[in-house]
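The values are calculated or read from the model by the stated rules, or taken from the named source; none is laboratory data. Everything numeric here is computed off the predicted structure, so don't read it as measured data. Here the Cβ positions follow ideal geometry from the backbone for every residue, glycine too, while neighbour counts run over all protein chains shown.
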Amino acid sequence: MPAFTLLITSSPFTGDRHQLALRFAQQAAKQESLLRVFFYGDAVLAANRNQQAPQGQENIATLWSEFAAQTGVPLICCIANSLRRGLSDATERDRYQLRDDCLHPAFCLAGLGEMAEASLDSERIVQF
């Protein structure tokens, strides 16, 4: 099976793209063909550890973090998109003297260089 990078660009709050991406990721991980999941644009909002899902719905950050814990597949958020949307880790919080960091610990921040590397070492990039 070819090596995949999953590129997610859609918001976790509209439609079911994240749920579909997660199901695809689970199947690809079973085949040991998923290298990473890269969140870009509004998709980075899935990494907010402070989000609260409406009653009866599952928290998307929790679903992705459980996936990462089970598979070891890294969850990478575009750093520029994250900061623009108010998401930071402890390093960026300190760098920009922000009040809080709210990036879920299962996710990490990286630049577009990580996505460029993905295009080199993945046979396919699948976008949701």
Inset, instruction - Search the stretch 50-85 for residues being among the small types (G, A, S) and without any contact (Cβ under 8 Å) to a residue 12 or more places away in the chain, and hand back the single one that is nearest to L109 (Cα to Cα). - result: G72
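When you scan the stretch 8-23, do you find a residue that is β-branched (V, I, T) and in a loop (DSSP other than H, G, I, E, B), even just one? Before you say what the answer is, go through the steps one by one.
To start, the set of residues in the stretch 8-23 that are β-branched (V, I, T) comprises 8-9, 14.
From what is left, the residues that are in a loop (DSSP other than H, G, I, E, B) are 9, 14.
Yes, the stretch 8-23 contains at least one residue that is β-branched (V, I, T) and in a loop (DSSP other than H, G, I, E, B).
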Legend entry - Among the candidates G41, G15, residue that is more than 19 Å from D121 (Cα to Cα), free of Cβ contacts under 8 Å to residues at least 12 places away in the same chain and either touching a Pro at 6+ places or on another chain (Cβ under 8 Å) or surrounded by fewer than 21 Cβ atoms within 10 Å (Cβ to Cβ) (or both): G15
Legend entry - Given (1) surrounded by 19 or more Cβ atoms within 10 Å (Cβ to Cβ); (2) touching a helix residue (DSSP H, G or I) at 6+ places or on another chain (Cβ under 7 Å); (3) of a type outside the set (A, V, I, L, M), index of the condition T71 fails: (1)
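Answer with yes or no whether F4 is among the aromatic types (F, W, Y), under 23 Å from E123 (Cβ atoms) and modelled with pLDDT under 95.
Values: among the aromatic types (F, W, Y): yes; under 23 Å from E123 (Cβ atoms): yes; modelled with pLDDT under 95: yes.
Yes: the conditions hold for F4.
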Legend entry - Single condition E58 does not satisfy, out of (1) acidic (D, E); (2) more than 17 Å from P12 (Cβ to Cβ); (3) outside any helix (DSSP H, G or I): (2)
Inset, instruction - Would you please name the residue that is nearest to H18 (Cα to Cα), looking only at residues in the stretch 109-118 that are without any contact (Cβ under 8 Å) to a residue 40 or more places away in the chain and part of a helix (DSSP H, G or I)? - result: L112
Legend entry - Top-ranked residue in the stretch 20-29 [being modelled with pLDDT of 95 or more and within 19 Å of H104 (Cβ to Cβ); ranked as surrounded by the fewest Cβ atoms within 10 Å (Cβ to Cβ)]: Q26
Inset, instruction - Just need a number here: residues in the stretch 72-104 that are of a type outside the set (D, E, K, R) and more than 16 Å from F39 (Cβ to Cβ). - result: 6
Legend entry - Number of the exception - S88 against (1) in contact with a strand residue (DSSP E or B) (Cβ under 7 Å, 6 or more places away or on another chain); (2) without any contact (Cβ under 8 Å) to a residue 60 or more places away in the chain; (3) within 19 Å of A29 (Cβ to Cβ); (4) buried (at least 18 other Cβ atoms within 10 Å of the Cβ): (3)
Legend entry - Scan of the stretch 30-49 for residues that are over 15 Å from the mean Cα position of the chain (by Cα) and either under 18 Å from A110 (Cβ atoms) or assigned to a loop (DSSP other than H, G, I, E, B) (or both), ordered by number: Q31, E32, S33
